[in-house]
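The values are calculated or read from the model by the stated rules, or taken from the named source; none is laboratory data. On a predicted model such as this, the values are computed, not experimentally measured, just so you know. Here the Cβ positions follow ideal geometry from the backbone for every residue, glycine too, while neighbour counts run over all protein chains shown. What goes into the accessible areas is simple: the full protein's heavy atoms, side chains included, and nothing from ligands, DNA or RNA. Shrake-Rupley method; radii C 1.70, N 1.55, O 1.52, S 1.80 Å.
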Amino acid sequence: MILSQNIKENTTASHQKLEGIVVRQLKAVRSNADYADVLKNFYAYFSSVEKAIAPFITTEVLADYAERRDSSYIKQDIEELGSTIDDLPVATAPKVTNTLEALSALYVLEGSIMGGPYIVQMLNKYGITSGTSFFSGYGEDTGKMWAAFTSVLNKYGEDPATHEHAVAIANETFSKFGDVFAASLLEK
(Lines give C-alpha, C1' and ligand atoms only; values in the text may rest on other atoms or scores of the structure.)
Protein backbone atom coordinates (compact mmCIF):
# COMPACT_ATOMS: atom_id res chain seq x y z
CA MET A 1 0.00 0.00 0.00
CA ILE A 2 1.27 3.49 -0.80
CA LEU A 3 1.99 5.77 2.15
CA SER A 4 -0.71 8.37 1.46
CA GLN A 5 -3.36 5.65 1.45
CA ASN A 6 -1.88 4.09 4.59
CA ILE A 7 -1.99 7.45 6.40
CA LYS A 8 -5.55 8.08 5.23
CA GLU A 9 -6.77 4.69 6.42
CA ASN A 10 -4.90 4.77 9.73
CA THR A 11 -5.72 8.32 10.80
CA THR A 12 -9.48 8.10 10.31
CA ALA A 13 -10.30 8.23 14.04
CA SER A 14 -8.04 11.20 14.84
CA HIS A 15 -9.16 12.98 11.66
CA GLN A 16 -12.85 12.55 12.51
CA LYS A 17 -12.30 13.66 16.11
CA LEU A 18 -10.58 16.87 14.96
CA GLU A 19 -13.20 17.46 12.28
CA GLY A 20 -15.99 17.15 14.87
CA ILE A 21 -14.36 19.71 17.17
CA VAL A 22 -13.74 22.17 14.31
CA VAL A 23 -17.24 21.81 12.85
CA ARG A 24 -18.84 22.39 16.27
CA GLN A 25 -16.86 25.61 16.66
CA LEU A 26 -17.69 26.74 13.13
CA LYS A 27 -21.40 26.06 13.70
CA ALA A 28 -21.24 28.38 16.71
CA VAL A 29 -19.91 31.29 14.59
CA ARG A 30 -22.37 34.15 14.48
CA SER A 31 -20.11 37.11 13.75
CA ASN A 32 -16.85 38.06 12.10
CA ALA A 33 -15.28 38.22 15.59
CA ASP A 34 -16.40 34.63 16.35
CA TYR A 35 -14.97 33.45 13.05
CA ALA A 36 -11.70 35.33 13.64
CA ASP A 37 -11.38 33.51 16.98
CA VAL A 38 -11.72 30.14 15.21
CA LEU A 39 -9.16 31.20 12.61
CA LYS A 40 -6.71 32.12 15.38
CA ASN A 41 -6.67 28.42 16.31
CA PHE A 42 -5.82 27.53 12.72
CA TYR A 43 -3.19 30.27 12.52
CA ALA A 44 -1.49 29.30 15.79
CA TYR A 45 -1.28 25.64 14.82
CA PHE A 46 -0.35 26.06 11.17
CA SER A 47 2.40 28.52 12.17
CA SER A 48 3.72 26.07 14.74
CA VAL A 49 3.80 23.15 12.29
CA GLU A 50 5.28 25.31 9.51
CA LYS A 51 8.18 26.26 11.80
CA ALA A 52 8.74 22.61 12.75
CA ILE A 53 8.83 21.38 9.15
CA ALA A 54 10.69 24.35 7.61
CA PRO A 55 14.18 22.81 7.85
CA PHE A 56 13.01 19.73 5.93
CA ILE A 57 10.51 21.00 3.33
CA THR A 58 12.61 22.77 0.74
CA THR A 59 11.90 23.40 -2.92
CA GLU A 60 14.14 20.39 -3.63
CA VAL A 61 11.65 18.25 -1.68
CA LEU A 62 8.41 19.95 -2.72
CA ALA A 63 9.03 22.12 -5.78
CA ASP A 64 5.78 24.10 -5.45
CA TYR A 65 5.98 24.63 -1.66
CA ALA A 66 6.16 28.43 -2.02
CA GLU A 67 2.88 28.37 -3.99
CA ARG A 68 1.03 26.35 -1.34
CA ARG A 69 -1.43 27.79 1.08
CA ASP A 70 0.07 28.59 4.48
CA SER A 71 -0.55 30.53 7.67
CA SER A 72 -0.04 33.87 5.90
CA TYR A 73 -3.45 33.33 4.25
CA ILE A 74 -5.03 32.76 7.66
CA LYS A 75 -3.41 35.94 9.04
CA GLN A 76 -4.78 37.89 6.07
CA ASP A 77 -8.27 36.49 6.72
CA ILE A 78 -8.09 37.34 10.44
CA GLU A 79 -7.10 40.92 9.59
CA GLU A 80 -9.83 41.17 6.92
CA LEU A 81 -12.30 40.24 9.68
CA GLY A 82 -11.05 43.20 11.76
CA SER A 83 -8.97 41.21 14.22
CA THR A 84 -5.27 40.62 14.85
CA ILE A 85 -3.00 37.69 15.59
CA ASP A 86 -2.50 38.91 19.15
CA ASP A 87 -3.60 36.63 21.99
CA LEU A 88 -3.08 33.39 20.11
CA PRO A 89 -3.74 30.06 21.77
CA VAL A 90 -0.80 27.83 22.66
CA ALA A 91 -0.03 25.42 19.82
CA THR A 92 2.54 22.63 19.90
CA ALA A 93 3.64 20.90 16.71
CA PRO A 94 4.87 17.33 16.67
CA LYS A 95 8.65 16.94 16.96
CA VAL A 96 9.94 16.67 13.39
CA THR A 97 13.46 15.39 12.73
CA ASN A 98 13.49 14.43 9.03
CA THR A 99 11.81 14.98 5.68
CA LEU A 100 9.37 12.08 5.90
CA GLU A 101 8.14 13.23 9.31
CA ALA A 102 7.75 16.75 7.93
CA LEU A 103 5.75 15.48 4.95
CA SER A 104 3.60 13.35 7.27
CA ALA A 105 2.75 16.44 9.35
CA LEU A 106 2.18 18.48 6.19
CA TYR A 107 -0.26 15.78 5.03
CA VAL A 108 -2.66 17.00 7.73
CA LEU A 109 -2.31 20.68 6.79
CA GLU A 110 -2.57 20.05 3.05
CA GLY A 111 -5.49 17.68 3.62
CA SER A 112 -7.44 20.45 5.33
CA ILE A 113 -7.76 22.03 1.87
CA MET A 114 -10.11 19.27 0.79
CA GLY A 115 -12.76 20.34 3.31
CA GLY A 116 -12.32 24.05 2.73
CA PRO A 117 -15.16 24.55 0.23
CA TYR A 118 -17.62 22.93 2.67
CA ILE A 119 -16.46 25.26 5.42
CA VAL A 120 -16.97 28.29 3.14
CA GLN A 121 -20.53 27.10 2.38
CA MET A 122 -21.23 26.61 6.11
CA LEU A 123 -19.92 30.08 6.93
CA ASN A 124 -21.98 31.63 4.13
CA LYS A 125 -25.12 30.11 5.68
CA TYR A 126 -24.30 32.02 8.87
CA GLY A 127 -23.77 35.27 6.97
CA ILE A 128 -19.97 35.15 7.06
CA THR A 129 -18.65 36.08 3.62
CA SER A 130 -15.31 37.72 4.47
CA GLY A 131 -12.05 36.13 5.45
CA THR A 132 -12.42 32.93 3.47
CA SER A 133 -9.31 33.00 1.25
CA PHE A 134 -7.63 30.32 3.39
CA PHE A 135 -10.56 27.90 3.12
CA SER A 136 -10.95 28.61 -0.58
CA GLY A 137 -7.74 26.62 -1.04
CA TYR A 138 -6.48 26.22 -4.56
CA GLY A 139 -9.86 26.54 -6.30
CA GLU A 140 -9.99 24.42 -9.45
CA ASP A 141 -6.38 23.32 -8.87
CA THR A 142 -7.11 21.66 -5.51
CA GLY A 143 -7.14 18.11 -6.89
CA LYS A 144 -3.97 18.71 -8.90
CA MET A 145 -2.16 20.22 -5.89
CA TRP A 146 -3.21 17.32 -3.63
CA ALA A 147 -2.03 14.79 -6.22
CA ALA A 148 1.34 16.56 -6.53
CA PHE A 149 1.75 16.58 -2.75
CA THR A 150 0.82 12.91 -2.25
CA SER A 151 3.18 11.95 -5.08
CA VAL A 152 6.09 13.52 -3.17
CA LEU A 153 4.92 11.97 0.13
CA ASN A 154 4.74 8.54 -1.50
CA LYS A 155 8.19 8.95 -3.06
CA TYR A 156 9.75 9.73 0.34
CA GLY A 157 7.72 6.93 1.92
CA GLU A 158 8.53 4.18 -0.58
CA ASP A 159 9.92 1.93 2.15
CA PRO A 160 6.97 0.22 3.90
CA ALA A 161 9.10 -0.03 7.04
CA THR A 162 8.72 3.77 7.45
CA HIS A 163 4.94 3.79 7.22
CA GLU A 164 4.07 3.05 10.84
CA HIS A 165 6.14 5.99 12.08
CA ALA A 166 4.78 8.29 9.34
CA VAL A 167 1.22 7.36 10.35
CA ALA A 168 2.10 8.06 14.01
CA ILE A 169 3.36 11.56 13.10
CA ALA A 170 0.18 12.27 11.10
CA ASN A 171 -1.99 11.06 14.00
CA GLU A 172 -0.01 13.23 16.42
CA THR A 173 -0.46 16.20 14.07
CA PHE A 174 -4.24 15.69 14.06
CA SER A 175 -4.31 15.23 17.83
CA LYS A 176 -2.23 18.31 18.67
CA PHE A 177 -4.36 20.36 16.26
CA GLY A 178 -7.43 19.22 18.20
CA ASP A 179 -5.71 20.22 21.47
CA VAL A 180 -5.57 23.84 20.25
CA PHE A 181 -9.33 23.88 19.68
CA ALA A 182 -10.11 22.04 22.92
CA ALA A 183 -8.02 24.52 24.92
CA SER A 184 -9.81 27.48 23.30
CA LEU A 185 -13.16 26.00 24.34
CA LEU A 186 -12.00 25.74 27.95
CA GLU A 187 -11.02 29.41 27.94
CA LYS A 188 -14.53 30.55 27.03
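Here are the numbers:
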| item | result |
| --- | --- |
| Alpha-carbon Debye profile of segment 57-111, log10 I(q)/I(0) at 0.25, 0.26, 0.28 Å⁻¹ | -1.09, -1.11, -1.15 |
| At most 15 other Cβ within 10 Å, DSSP loop - GluC sites (Glu not before Pro), segment 96-188 | GLU158 |
| Value of D in µm² per second that Stokes-Einstein yields for the chain, Kirkwood Rh from Cα pairs, at 37 °C (0.692 mPa s) | 196 |
| Rounded percent of accessible protein surface that carbon and sulfur make up, the chain, 1.4 Å probe | 52 |
| Nitroxide proxy distance, nm - points 7 Å out along Cα→Cβ at ARG30 and ILE2 | 4.6 |
| Within segment 24-40, backbone nitrogen closer than 11 Å to the virtual label 7 Å beyond the Cα of LYS125 toward Cβ | 27-28 |
| Inverse of mean 1/r across different Cα pairs in segment 72-167, Kirkwood, Å | 15.5 |
| Mean Cβ neighbour count within 10 Å, used as a protection proxy, ranking 120-129, 36-45, 9-18, 174-183 highest first | 36-45, 174-183, 9-18, 120-129 |
| Computed log₁₀ I(q)/I(0) - Debye formula, equal Cα scatterers, no solvent, segment 16-58, q 0.17 Å⁻¹ | -0.58 |
| Segment ALA161-ASP141, length gained on full extension (0.36 nm per residue, minus Cα span) | 4.0 nm |
| Solvent exposure of the chain as accessible area per residue, Å², 1.4 Å probe | 50 |
| Extension reserve of the GLU19-THR58 stretch, reckoned as 0.36 nm per residue once the Cα distance is removed | 11.2 nm |
